[in-house]
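Written out below as structure tokens is the structure these notes cover.
The values are calculated or read from the model by the stated rules, or taken from the named source; none is laboratory data. Since the model is a prediction, treat every value here as computed from it, not as a measurement. Because the Cβ atoms are built from the backbone with ideal geometry, glycine has one as well, and the counts that use them run over all protein chains shown. Quick note on the areas: whole protein, heavy atoms, side chains included, nothing else; ligands and nucleic acids left out. Shrake-Rupley method; radii C 1.70, N 1.55, O 1.52, S 1.80 Å.
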Amino acid sequence: MTAENNESEAEGRRSRATEAFYGRRHGRPVRTQAAEAVASLLPRLKLDLTQPAPADLKTLFPVPVERVRLEIGFGGGEHVISEAGREPQSGFIGVEPFINGMSRCMQTLESEPRPNLRVYDDDATQLLDWLPANSIAEIDLLYPDPWPKKKHWKRRFVSQVNLDRFARVLQPAGTFRFASDIAHYINWTLLHIRAHSEFEWVVERADDWRQPYPGWQSTRYEAKALREGRTPAYLSFRRI
């Protein structure tokens with residue numbers, strides 16, 4: 001590759017204001033069985049963003065669905081697979097750029113198929129910009145990377161720009177759910193919601209934030225938080 005091409009590629013990366021929201025793409029080498037699951041299932045389940053999004057997202061699924069939900073950063077897929085099984089009448093889109101998480105999800109789907117689940121393995125903001133307006137009933141952002149160092153706070157997924165994206169794709173009265181065990185990120189999210197004109201915090205009792213969502217499927221990240229003595233918060237926000 002020439003120096004000119006290198007410079008062009010680097011400039012392209014810098015121009016993508018979204019690529020910083022997640023960290024590494026790969027962890028430990030993916031085992032053979034997991035790699036085979038990815039090779040077999042991912043091409044069939046992955047959304048193709050090079051094609052225009054359908055006006056009706058429900059047509060993305062081979063089974064009839066009544067609404068579409070989105071989970072950003074699903075880790076190993078425990079929650080999104082559980083929810084897709086619990087709500088067969090809903091279509092689910094799961095986003096996870098970390099190949100090790102995606103491979104765990106694909107392995108599970110080999111034995112527990114979910115015809116109402118589609119996935120995307122790159123930057124969630126690309127998907128959000130691809131989706132039609134008012135097309136999503138619910139967005140889940142569960143235990144996102146807190147980027148604890150102050151110099152990295154700009155990489156947190158919750159931002160005014162991304163809340164604008166959420167507001168565009170969520171249906172009126174649609175829900176954005178945020179769960180975290182990091183107190184600073186919880187407060188950060190509440191402050192960003194308060195500053196955004198299109199969202200309101202859905203809360204009825206003082207301890208609502210301590211109560212897991214209905215049908216909640218705990219994740220490995222939550223188990224680690226509880227082992228280490230951190231208290232999770234389960235926040236829900238409504239698009240006004």
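Observations on the structure shown:
- From the options G85, G101, G75, G91, residue that is under 19 Å from E138 (Cβ atoms) and modelled with pLDDT under 95: G75
- Of the criteria (1) open to solvent by less than 80 Å² (accessible area, probe 1.4 Å); (2) out of contact with any helix residue (DSSP H, G or I) (no Cβ under 8 Å at 6 or more places or on another chain); (3) modelled with pLDDT under 95, which one E9 fails: (1)
- Some residue of the stretch 106-121 being part of a helix (DSSP H, G or I), aliphatic (A, V, I, L, M) and closer than 25 Å to D164 by Cβ: no
- Of all residues in the stretch 61-97, those satisfying the criterion of being over 18 Å from A179 (Cβ atoms) and in a loop (DSSP other than H, G, I, E, B) are F61, P62, V63, P64, V65, E66, P88, Q89, P97.
Listed here are the residues, each with its yes/no results for (1) assigned to a helix (DSSP H, G or I); (2) touching an Asp or Glu at 6+ places or on another chain (Cβ under 6 Å); (3) surrounded by 14 or more Cβ atoms within 10 Å (Cβ to Cβ); (4) free of Cβ contacts under 8 Å to residues at least 60 places away in the same chain.
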{"site": "Y185", "(1), (2), (3), (4)": "yes, no, yes, yes"}
{"site": "W188", "(1), (2), (3), (4)": "yes, no, yes, yes"}
{"site": "I193", "(1), (2), (3), (4)": "yes, no, yes, yes"}
{"site": "A206", "(1), (2), (3), (4)": "no, no, no, yes"}
{"site": "Y221", "(1), (2), (3), (4)": "yes, no, yes, no"}
{"site": "L226", "(1), (2), (3), (4)": "yes, no, no, yes"}
{"site": "Y234", "(1), (2), (3), (4)": "no, no, yes, yes"}
{"site": "R238", "(1), (2), (3), (4)": "no, yes, yes, no"}
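- If the condition is being over 21 Å from E222 (Cβ atoms) and open to solvent by less than 30 Å² (accessible area, probe 1.4 Å), then the stretch 78-108 contributes S90, G91, I93, M106.
- Neighbours by Cβ (under 7 Å, 6+ apart or cross-chain): first from the stretch 143-169, of a type in the set (A, V, I, L, M); second open to solvent by 30 Å² or more (accessible area, probe 1.4 Å) and modelled with pLDDT of 95 or more: V158/W188; V158/H192; L163/H192; A167/E198; A167/R239; V169/A133
- Residues of the stretch 162-185 satisfying the condition of being among the hydrophobic types (A, V, I, L, M, F, W, C) and touching a helix residue (DSSP H, G or I) at 6+ places or on another chain (Cβ under 8 Å): L163, F166, V169, F176, F178, A179
- Residues that are part of a helix (DSSP H, G or I) and small (G, A, S) within the stretch 122-141 comprise just one, A124.
- Test: residue in the stretch 28-38 that is within 20 Å of L142 (Cβ to Cβ), part of a loop (DSSP other than H, G, I, E, B), open to solvent by 10 Å² or more (accessible area, probe 1.4 Å) and of a type in the set (K, R): no
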